Amino acid sequence: MTTLDLTKLPEYLKHQRWFSGKAWPIKHVTVMDHAAVESGGCSFSLAVVEVIYELGSPERYLLPVHPSTEGVRDALESDECLRGLFDLIRTGGQVASASGRVQGEWIGGQDGLLALPASPEVRRLQVEQSNTSVVLGEQVILKIIRKLEAGVNPEHEVGRFLATKTSFRATPTLLGALHLEGAAGATLAVAHRFVPDATDGWKYTLDRLRQERAVGPRFQSEMRDLGSRLGELHLAFASATDEDPAFTPEPLLQEDLQRWSASIVGELGVTLADASRQNPELENRREDLIEHAKRLAQVPPSGQKIRIHGDLHLGQVLRANSQWLIFDFEGEPARSFTARREKYSALRDVAGMIRSFDYAEATVALEGGTPHERISTIRDAFVEGYRQVTRGAPFLPADDDSFDVMLRAFELEKLLYEVRYEMQNRPDWVRIPLQALLRMEASK
């Protein structure tokens, strides 16, 4: 039996920054599975709990905890316990659980182990809210996944595919993972190679836009390189054979285009109904924007559906040693694992990054900087780099007109998502996607 004091768990959870259900009354908490982990001087329980709310869907969380006089205490406050979790990964070890087992997986090879001491130094990162991340020996970054979902974790699945089945290395390489096997099965943690002295792409781009009135040749070249990296990622995804059905490209059909188009039209109706209250001019553009979405259904079907990043923006790339790295293959957090693993048009990733450029420029303007109409230059350089690498790729549309229509439709889809997000979370920022919607119609 688990030694967890279930009566204390609701109060414990509500004080954890990674717990997303703070606003909802908890009905009760149930332990779905648990394992006793012992490593060196640390013994703790690795428990998967299900939180049942008074309203809404249940959620599952991973709790590495010690019993304490207060009820429970986070075991990951201990460096030794963190090393114990990582030892399970790097040794491929396993621990029996109440209804299955906890299984470590190491794919980093012997070379990945040689640089690490037996007891690596632990450095905690404070940047994440939904997970717990630590750097071990300045060589490995270990992410413990707090909110769990049943099924195949796309971050592990994609990382493993890229590391073992492709030559794509413009990403922090997946080294291993920790899985819970059994009825409550889930990926509990992932370990990647740590990239020192890396700057995230959002910060890097903001700094450049603050410094430069115009987009100089160097920054244009960097944006072309970023497009090239994305093209190389898509080529790697599309290289899958029938041995990897989760990654094997599939023909893009007319019904796919019609389904995507209808979805965007539906989102337009809902989004504009709310947004037009803030900007009545949008209502006058409704039909023109709908036409953008409908044109997607009229594109002659060509190309393929492939696995994509799924949540690509400047915050999902790193700049290190004058190179771009793409990371974080979890997909959109609000979508289910099944939806995140869906094959799609590669142009959806392209559109996501283009929208991120617009946000960067608008952010500089909100800080008091003067907009310099640099987005078209950045966008063109990025798309040029992407198209140079992917020229003739079977997953892209067969002609330039289809490429342009599809890309604009996916930009519109992303814009609508941004409007809804900003209205709910950052009303002062909603002007950024709203103004982009008006520009999209005007530049038809």
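The values are calculated or read from the model by the stated rules, or taken from the named source; none is laboratory data. None of the values given here were measured: they were computed from a predicted structure. Neighbour counts run over all protein chains shown; Cβ positions are idealised from the backbone, glycine included. Protein only, heavy atoms only, side chains kept; ligands, DNA and RNA dropped before computing areas. Shrake-Rupley method; radii C 1.70, N 1.55, O 1.52, S 1.80 Å.
Brief remarks on what is shown
- For region 124-160, a residue qualifies if it is part of a helix (DSSP H, G or I) and either aliphatic (A, V, I, L, M) or out of contact with any helix residue (DSSP H, G or I) (no Cβ under 8 Å at 6 or more places or on another chain) (or both), and the qualifying residues are Glu155, His156, Glu157, Val158, Gly159, Arg160.
- Here Gln94, Gln110, Gln103, Gln126 are screened, and the one residue that is within 18 Å of Ala35 (Cβ to Cβ) and either aromatic (Phe, Trp, Tyr) or without any contact (Cβ under 8 Å) to a residue 24 or more places away in the chain (or both) is Gln94.
- Of the candidates Asp349, Asp328, Asp288, the single residue that is among the acidic types (Asp, Glu), within 30 Å of Ile144 (Cα to Cα) and in a helix (DSSP H, G or I) is Asp349.
- Scanning region 92-123 for residues that are among the hydrophobic types (A, V, I, L, M, F, W, C), open to solvent by less than 70 Å² (accessible area, probe 1.4 Å) and in a loop (DSSP other than H, G, I, E, B) yields Ile107, Ala115, Leu116.
- Considering region 229-270, and only residues there that are hydroxyl-bearing (Ser, Thr, Tyr) and open to solvent by 60 Å² or more (accessible area, probe 1.4 Å), the residue that is modelled with the highest pLDDT turns out to be Ser239.
- Taking region 372-425 as the range and being closer than 15 Å to Thr271 by Cβ and polar (S, T, N, Q) as the test, the residues that pass are Gln424, Asn425.
- Within the set Arg387, Arg426, Arg379, the sole residue that is in contact (Cβ under 8 Å) with a residue 60 or more places away in the chain, of a type in the set (Lys, Arg) and within 24 Å of Gly201 (Cβ to Cβ) turns out to be Arg387.
- Note on region 294-344: among residues that are charged (D, E, K, R) and open to solvent by 60 Å² or more (accessible area, probe 1.4 Å), the one that is nearest to Val405 (Cα to Cα) is Arg295.
Yes/no per residue for (1) open to solvent by less than 30 Å² (accessible area, probe 1.4 Å); (2) over 16 Å from Cys81 (Cα atoms); (3) touching a residue at least 12 places away in the same chain (Cβ under 8 Å):
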position	(1), (2), (3)
Glu11	no, yes, yes
Gly21	yes, yes, yes
Asp33	yes, yes, yes
Cys42	yes, no, yes
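- Note on region 52-80: residues that are free of Cβ contacts under 8 Å to residues at least 60 places away in the same chain, under 24 Å from the mean Cα position of the chain (by Cα) and in a strand (DSSP E or B) total 1.
- Test: residue in region 140-159 that is at pLDDT below 95, closer than 17 Å to Gly109 by Cα and either open to solvent by 10 Å² or more (accessible area, probe 1.4 Å) or within 15 Å of the chain's Cα centre (by Cα) (or both): no
- The set of residues in region 198-228 that are in a helix (DSSP H, G or I), open to solvent by 40 Å² or more (accessible area, probe 1.4 Å), in contact (Cβ under 8 Å) with a residue 60 or more places away in the chain and not hydroxyl-bearing (Ser, Thr, Tyr) comprises Trp202, Arg210, Gln220, Arg224, Asp225.
- In region 323-342, the residues that are more than 19 Å from Lys414 (Cα to Cα) reach residues that are open to solvent by 40 Å² or more (accessible area, probe 1.4 Å) and among the acidic types (Asp, Glu) with C-beta atoms within less than 7 angstrom, at least six apart or across chains, in these pairs: Trp324/Asp225; Phe337/Glu149.
- Remark: pairs (first residue in region 158-174, among the polar types (S, T, N, Q); second residue outside any helix (DSSP H, G or I); Cβ separation under 7 Å; 6+ apart in sequence or on different chains) = Thr164/Ile107; Thr166/Ser239; Thr171/Leu325; Thr171/Ile326; Thr171/Phe327; Thr173/His192; Thr173/Arg193.
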